[in-house]
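Each remark here refers to the structure printed beneath this line.
The values are calculated or read from the model by the stated rules, or taken from the named source; none is laboratory data. Keep in mind the model is a prediction, meaning the values are calculated, not measured. Note that each Cβ is placed from the backbone with ideal geometry, even for glycine, and that neighbours are counted across all protein chains shown. Calculation scope for accessible area: heavy atoms of the full protein, side chains included, ligands and nucleic acids excluded. Shrake-Rupley method; radii C 1.70, N 1.55, O 1.52, S 1.80 Å.
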Amino acid sequence: MPDTIPAPALPVGHYGYDQVDRAFLADRVEQFRDQVARRIAGTLSEDEFKPLRLMNGLYLQLHAYMLRIAVPYGVLDSRQMRELAHIARTYDRDYGHFTTRQNLQFNWIRLEDTPDILARLAAVDMHAIQTSGNCIRNVTCDQFAGAAQDELVDPRVHAEILRQWSTLHPEFTFLPRKFKIAISGSPNDRVAARFHDIGLVAKPAPDGGTQFDVFVGGGMGRTPIVGVHLRDDLPEEDLLAYLEAMVRVYNEYGRRDNIYKARIKILVQALGTEGYRQKVDAEFASMNRARYRLPPETVAAIRARFGTPDLNAPDDAAARLDRARRADPAFDRWVRTNTHPHRAPGYISAVISLKPAGGIPGDATSAQMDTVADLADRYAFGEIRVTHMQNLVLGHVRQDELHALWQALRAADLASANIGLIGDIIACPGLDYCALANARSIPIAQKLGARFASPELQETIGPIEIKISGCINACGHHHAGHIGILGVDKKGEEFFQLTLGGSPGSDASVGQILGPALPEDATVDAIARLVDAYLVHRTGGERFLDTYRRLGAALFKDAVYATA
Amino acid sequence: MSDVRNNRREAGGSSVITANRLLDGRIVWQVAEGDWSPMIKDARIIPNAEIEAAIAQAAARQQADGLVGVYGVQIESDEATPTPVTVRERIRAFGPTVHPDFTPAAELEAHA
Ligand code: HEM
Ligand code: SF4
């Protein structure tokens, strides 16, 4: 818990920039402004310019440029959210898309506006660095960090330390491939740690400090692999040294000849867990450990730049929430599905679903972003988290104020009660936006959302995770879906392959292909039959995933292909 | 941005040429040499036998024309408006299917 009283100016929940950080960002914006000018003048060719724009998060997609903005460890403050709303309104088409890597994407950006947009972002301590390219990408984190009752260590301070370590790390700007790190501080994995290049789980060390479980070599894409457990006792002071050694071994031995075999997961499989561990240990033993040591003073100094919420709910907060729930069944349902227990008495974390029935998962209009910013100021210390499920979270809400918050969310069409249920679908942008796509993901999500719109029905079906990717890159995490949907291309037409039994959590598993891909117009019906089959065969409080694990694929296969 | 799927061309078919505008990234279709339109209905239809040469010519002047990623798109032979054979290029031509208000036609109307 906080060991220093933060200056009031510090944002709650994330690191407060200092002048060095700000000067760096300002330089970076001007550098890119110059590069854009040279590109427009023609002195830089597209081939020369592309790596430069990607380093600043700017992609060329199907219809326009896309700008991916980093939200380090998924935490935003209200001022930043308002700026994103402003950018959406002024430079894009009035909305933004929150992604599974807790970032935000704008889909209709003009190249010529980008330097101004980056300057506006820099003014609120934001940027688009490390959102693309073969570098260490934005570190993702538990959306309930610092709030969850089940959390052992708040991982955001370490996420920030990793951000500072990896930003512009001279050795790691040209890795064999992109590199993604996730960190959690709870034994209940909400960050898909086992599906990342490196997954870290912080926990208390026997000596009272902090240590880490380390997973390596997980990933999705063309070769989905659950990461292996490398060690369970990495001391905090060796965090950077050991990660440095892990990434160095990858940088040295990772394949650069074949883009599909370049991720660390392939190296770990090739060397074997033991082989990889030995190489890392040898590197670790030979490096200048003093240089990379992370002393408690440094951790404390970084922690001191985080604002902390002043949590003091009235004694009757919980009782008042109980009364409000009894009086209002719709609110009660939302509390059941869209909240998470808080460590502090009288508080609760609220999940704002960006999955309205029939809507586009992860999209928020600029008006909604402004509303969320206002509500965060009013109810949650101005702090907002983006989840890898493409929703938003207000981490610290007083229980006696939750009903008022919910009413305000409902007025803004932000109160869908479906977190963790069938309507809470992850979908990548797919062929509607993405230049790499085989098929559209969003329309399938919309049709499923509409089909299962009823909150009662969703609660009856219970916890189930549907995840949709428009191609094998798996940005929509389909491999980790209880039901995964993968878009494939057959002679220019869209087909969808179903996988069952994936899970992103502590019980991570890769979904297995059920059978031949289905045409677009048969996919939603097939999933409805599959869900029916589950409802018939489940026992007790079994989740879909448990029923699948108990009974296997055959009955679901029958349900899907019987009439198809 | 091009895509390998666009390199599959039928011998007897026809294609149109497309690119993204450098400044705003938006999609355009070649009407004539040096003349591009956001509307695929304006596009010049080129027999596949001649398409490679036409693409090369357009690509050679893409910087001058303010374009990136010039490539050819095969179209259906039996449609009045040039209609790409693949879903991908149909979405490029007619806009994201999830935002009916963002189609090129709707946009032109909005600006008219
Ligand atoms: C629209 C532009 C996008 C492009 C061009 C793109 C490209 C890619 C590629 C090429 C891969 C495979 C990398 C590999 O296996 O080595 C990948 C994986 C991934 N992308 Fe995207 N992506 C895009 C959008 C997104 C979005 C919107 C999200 C979040 C919703 C996202 C999150 C991910 C994740 C989580 C993975 C899989 C995890 C992994 O293997 O690391 N991407 N992306
Ligand atoms: S999974 Fe494929 S279609 Fe979807 S965003 Fe990633 S690259 Fe694009």
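Karplus-based coupling profile of the range A:348-354, in residue order and whole Hz: 7, 9, 10, 9, 9, 6, 9, with θ = phi - 60° in 6.51 cos²θ - 1.76 cosθ + 1.60 and x standing for Gly or Pro. Summary of the geometry: the range B:29-70 and the range A:499-514, compared by the centres of their Cα atoms, lie 46 Å apart. Sorting A:M246, A:M55 by accessible area puts them as A:M55, A:M246; the probe is 1.4 Å, largest comes first, and only protein heavy atoms count.
Shape analysis of the range A:19-123 based on the Cα gyration tensor places the equivalent ellipsoid semi-axes at 22, 17, 12 Å, largest first.
Spatial offset of the range B:89-112 relative to the range A:312-390 amounts to 35 Å, using the alpha carbon center of each. Buried surface for the B/A pair, taken as the accessible area of each chain alone minus that of the pair with a 1.4 Å probe, is close to 2600 Å² in total. By the Kirkwood approach, averaging reciprocal distances over each pair of separate Cα atoms, the range A:126-212 gets a hydrodynamic radius of 13.5 Å. Shown here is the pair-distance distribution of the range A:63-106: with all Cα-Cα distances grouped in 10 Å bins from zero up to the longest one, the shares run 27, 60, 13, 0 percent. Here the relative contact order of chain A, from alpha carbon pairs under 8 Å that lie six or more residues apart, stands at 14 percent. Springs join every pair of Cα atoms under 10 Å in this Gaussian network model of chain B, and among B:I55, B:I91, B:I40 the largest mean-square fluctuation is at B:I91. Peptide A:44-54 is shielded by partner chain Cβ atoms: per residue, an average of 1 of them sit within 10 Å of its Cβ.
For the range B:14-29, accessible area lost to neighbouring protein chains reaches 50 Å² or more, against the chain alone with a 1.4 Å probe, at B:L22, B:L23, B:D24, B:R26. Which values of log₁₀ I(q)/I(0), to two decimal places, follow from the Debye formula for chain B at q = 0.12, 0.14, 0.23 Å⁻¹ with a uniform point scatterer at every Cα? Once normalised to I(0) and log-transformed, intensities are -0.38, -0.52, -1.41. Directionally averaged projected area (the range A:140-302, Cα convex hull): 9.4 nm². Peptide A:440-453 has a mean of 1 when you count, residue by residue, the C-beta atoms of other protein chains within 10 Å of its C-beta. DSSP finds beta bridges in the range A:19-123, and of those with both partners inside it, around 100 percent are antiparallel.
The residues of the range A:407-564 have, on average, 35 Å² of accessible surface per residue, using a 1.4 Å probe with all protein chains present.
Taken residue by residue and averaged, Cβ atoms of other chains lying within 10 Å of the Cβ of B:87-98 number 6.
Carbon-plus-sulfur accessible fraction, chain A (probe radius 1.4 Å, protein heavy atoms only): 52%. Taking amide H as placed 1.01 Å from N in the peptide plane, the amide H of A:A435 sits under 5 Å from that of A:L62, each at least 5 places away or on another chain.
Normalising by residue count, the range A:201-240 has a Cα convex hull of 64 Å³ per residue.
What's the long-distance tail for the range B:42-89, i.e. % of Cα pairs beyond 15 Å? When every Cα pair of the range B:42-89 is considered, 52 percent fall beyond 15 Å. Mean projection of the Cα convex hull over all viewing directions, computed for the range A:317-411: 5.9 nm². Per-residue 3J(HN,Hα) values for the range A:50-63, derived from phi via the Karplus relation 6.51 cos²θ - 1.76 cosθ + 1.60 with θ = phi - 60°, read 3, x, 6, 6, 5, 5, 10, x, 9, 9, 9, 9, 4, 9 Hz in sequence order (x marks Gly and Pro). The range A:426-561 has equivalent-ellipsoid semi-axes of 23, 15, 14 Å, by the square roots of 5 times the alpha carbon gyration tensor eigenvalues, sorted largest first. With the gyration tensor restricted to C-alpha atoms of chain A, the semi-axes of the equivalent ellipsoid amount to 33, 29, 26 Å, longest first.
Treating r as the C-beta distance of A:N473 and A:D315 and R0 as 30 Å, the FRET efficiency rounds to 0.05. In this structure, the amide hydrogen of A:L230, modeled 1.01 Å from its nitrogen in the peptide plane, lies closer than 5 angstrom to those of A:V214, A:F215, A:V216, counting only residues at least 5 positions away or on a different chain.
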